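J.: Please read through the structure below; I'll follow up with questions.
Every number here is computed from the coordinates shown, using simple stated rules; none is lab data. Keep in mind it's a predicted model, so treat the numbers as computed, not measured. So basically every Cβ, Gly included, is an ideal-geometry build from the backbone, and we count neighbours across all protein chains shown.
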Amino acid sequence: MRHEGQPLPAHRARLAAVLRAANEVVSVDTVSKTLSIERRAAAKLLSRWKQQGWLRRIGHGLYIPVPLDLAGSEQVLADPWVLAPTLFNPCYVGGWTAAHHWELTEQLFNETLVFTARRATQRRVVAQGAVFVLRRVKPKSLFGLKTLWRGSVKVSISDPPRTLIDMIAAPEVGGGIDHVADSLAAYFNTKKADRELLIHYAEEFDNGVVFKRLGYLAEARLHDDKLAAACRSRLTQGYARFDPTLAPKKLVTSWRLWLPSATKHAAP
């Protein structure tokens, strides 16, 4: 039994040094740099610590410390967001997850939605009991982001107007077009609603369908003539679906949009 004041055994001291240097997630690079050893030796050390029950593997060369009171549990991390930077960077938390964080919706989704510029072979990743839904973006699309601290980890998240633009461009990442419309309305009921920034982000996004859907919602749902006019002046050619997952039934020529048969947003 170790008495207070006595030094930790060498292997525990090395582990403690690594955990102090790590931001929640322990990698081969972290061990290599902290202990000044080669990557191969670092990988073997991580594997040994895993076998001893000190760490749990969450990905290739990635581990998290196992709290003593949760050593037998499959769910170790209370906050799955801390895994996102290590697993998916460059990335940001967005879509329905960001909408809930910014209180644009009360609906809570069990899966964390992450936009990543990293090449991903899977659309759905399970890590340490947490489910991530991935959406690929180009590096130039990493704008309109805020940085949050989750414990000792910095996590990027889309700000409210960027969250809305992402959801308008792809309604499925917002839980469907009706849910997206409700989130848009909630945003304009806040004191921080910024019409000009929303338009700016839509221009930066460089996808004509955004102005068609946003303009239609501005007119039919928000009754915001100024926002609708800004969108109409930026309309592109061609027709688009209001929600790509729903069959088109009615054409609104003024917005070049196909509406589904069932929608709670009446055509103007």
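J.: Please give the charge dipole size of region 138-229, origin at the Cα centre, charges +1 on K and R Cβ atoms and -1 on D and E Cβ atoms. Round to the nearest 20 debye.
T.: 400
J.: I'd like to compare 97-105, 45-53: which one has the highest average count of other Cβ atoms within 10 Å, and what's the full order after that?
T.: 97-105, 45-53
J.: Something else: What does DSSP give for the chain in terms of the percent of beta bridges that are antiparallel, rounded to the nearest 5?
T.: 75
J.: Going highest first, how would you order 227-235, 81-89 by mean Cβ packing within 10 Å?
T.: Averaged packing, sorted descending, gives the order 81-89, 227-235.
J.: Taking the Cβ of each residue in Trp96, Trp149 as the centre, tally the other Cβ atoms inside 10 Å and list the residues starting with the fewest.
T.: Fewest-to-most ranking of Trp96, Trp149: Trp149, Trp96.
J.: Among Pro161, Asn89, His223, pick out the residue whose Cα is farthest towards the positive end of the charge dipole of region 80-260, where Lys and Arg carry +1 and Asp and Glu carry -1 on C-beta, about the Cα centre.
T.: The one lying farthest along the dipole's positive direction is Asn89.
J.: Which log10 I(q)/I(0) values does region 115-268 give at q = 0.21 Å⁻¹ under the Debye formula, counting every alpha carbon as one identical point scatterer?
T.: -1.44
J.: What label, among (1) 0.94; (2) 1.26; (3) 1.08, belongs to Cα Rg over 2.2 N^0.38 Å computed from the structure on display?
T.: Working out Cα Rg over 2.2 N^0.38 Å from the coordinates points to (2).
J.: So for the pair Ala229, Leu197, with labels modelled 7 Å out along Cα→Cβ, what separation do we get in nm?
T.: Each label point lies 7 Å from its Cα, and together they span 2.3 nm.
J.: Order these by the 10 Å Cβ neighbour count, fewest first: Ser261, Ser183.
T.: Ranked by crowding around the Cβ, least crowded first: Ser261, Ser183.
J.: Considering amide H positions built from the backbone, and no H for Pro or chain starts, which residues 5 or more places from Leu251, or on another chain, come under 5 Å of its amide H?
T.: The answer is Leu259.
J.: Using a simple charge model, +1 on the beta-carbon of Lys and Arg, -1 on the beta-carbon of Asp and Glu, nothing else, what dipole does region 80-260 show about its Cα centre, in debye to the nearest 20?
T.: 560
J.: Another one. Divide the volume of the convex hull of the Cα atoms of region 12-167 by its number of residues and quote the answer in cubic angstrom per residue.
T.: With only Cα atoms used, region 12-167 gives 124 Å³ per residue.
J.: Using helices alone, what [θ] at 222 nm do you get for the chain, with -39,500 (n - 2.57) per DSSP H run of 4 or more residues, divided over all residues and rounded to the nearest 500?
T.: -10500 deg cm²/dmol
J.: Give me the percent relative contact order of the chain, please, defined on Cα pairs under 8 angstrom at least 6 residues apart.
T.: 11 percent.
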